[in-house]
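Everything below concerns the one structure shown next.
The values are calculated or read from the model by the stated rules, or taken from the named source; none is laboratory data. A quick note: this is a predicted structure, and the numbers were derived from the prediction, not measured. No Cβ is skipped: glycine too gets one built from the backbone with ideal geometry, and neighbour counts run over all protein chains shown.
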Ligand SMILES: C[S@@+](CC[C@H](N)C(=O)[O-])C[C@H]1O[C@@H](n2cnc3c(N)ncnc32)[C@H](O)[C@@H]1O
């Protein structure tokens, strides 16, 4: 009876969440996290509005909620190398962090679409930020696969690409990388992530409490 009443999508989401830590108290990186502290002077929000209205769209861009979590993660982990897959506002955020907080942090941003790398570069130039480290994903793997990033956002391409690349991304996680997986509201993407988290013995954290946005999107964090 219950199977008929509860839609398939929600049964899958509920089953997957059982595999994760769901309370904010359980996440050592986000203890004490407060989104209002991340952008007190609203400059990040102004840049976000600029990006979603002049370059992309709110739906195709990471949520502002996730942007705040990513910034907090960078400031807490202080990575030697930071990487975002799926270039765009996230690439701006990494370089903003580099310019304002840690010039020694190496930043890479990848896409599987040359056009979006070009639009990202144009946006970065308008903000007087460096455009080095923008690469096609294939090129990045050929040159830097042995480099273990400290913080990584996986927001690359469409669902099929997310699923295909999640194993490779979580391979780095085993070596110490903190991974943020976006668009985890999609059951097929969740299922692939849960399988890899389980297979590799990693810890997964549902960040819906911090990243749920107006479109119903949310993210997960994965740690060794
Ligand atoms: C969710 S987007 C990545 C967003 C990026 N991380 C950001 O913060 O803006 C995923 C992929 O969609 C493509 N993309 C980005 N913006 C787009 C747009 N406005 N319309 C269509 N595709 C887009 C890019 O190739 C990117 O890899």
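Side notes on the structure shown:
- Meets criteria (more than 30 Å from residue 197 (Cα to Cα), in contact with a helix residue (DSSP H, G or I) (Cβ under 9 Å, 6 or more places away or on another chain), within 12 Å of the ligand (Cβ to nearest atom) and in contact (Cβ under 8 Å) with a residue 12 or more places away in the chain) for residue 92: no
- Flag for residue 113 being more than 16 Å from the ligand (Cβ to nearest atom) and under 21 Å from residue 51 (Cα atoms): no
- Conditions (1) under 22 Å from residue 47 (Cβ atoms); (2) away from the ligand (no atom under 11 Å from the Cβ); (3) in a strand (DSSP E or B); number of the one not met by residue 99: (3)
- In this structure, residue 87 qualifies as assigned to a loop (DSSP other than H, G, I, E, B), within 13 Å of the ligand (Cβ to nearest atom) and in contact with a helix residue (DSSP H, G or I) (Cβ under 8 Å, 6 or more places away or on another chain).
- Any hit, the range 34-52, residues being within 10 Å of the ligand (Cβ to nearest atom) and under 25 Å from residue 150 (Cα atoms): yes
- For the range 67-78, taking the residues that are more than 8 Å from the ligand (Cβ to nearest atom) and in contact with a helix residue (DSSP H, G or I) (Cβ under 9 Å, 6 or more places away or on another chain), the one that is farthest from residue 166 (Cα to Cα) is identified as 75.
- Sole residue being touching a strand residue (DSSP E or B) at 6+ places or on another chain (Cβ under 6 Å), modelled with pLDDT of 95 or more, assigned to a helix (DSSP H, G or I) and closer than 25 Å to residue 102 by Cβ, chosen from 74, 44: 74
- Odd one out for residue 218 among (1) over 13 Å from the mean Cα position of the chain (by Cα); (2) part of a loop (DSSP other than H, G, I, E, B): (1)
- Pairs where the first residue, in the range 42-67, is more than 17 Å from residue 119 (Cβ to Cβ) and free of Cβ contacts under 8 Å to residues at least 40 places away in the same chain and the second is away from the ligand (no atom under 12 Å from the Cβ) and in a helix (DSSP H, G or I), C-beta under 8 Å, 6+ apart: 67/44
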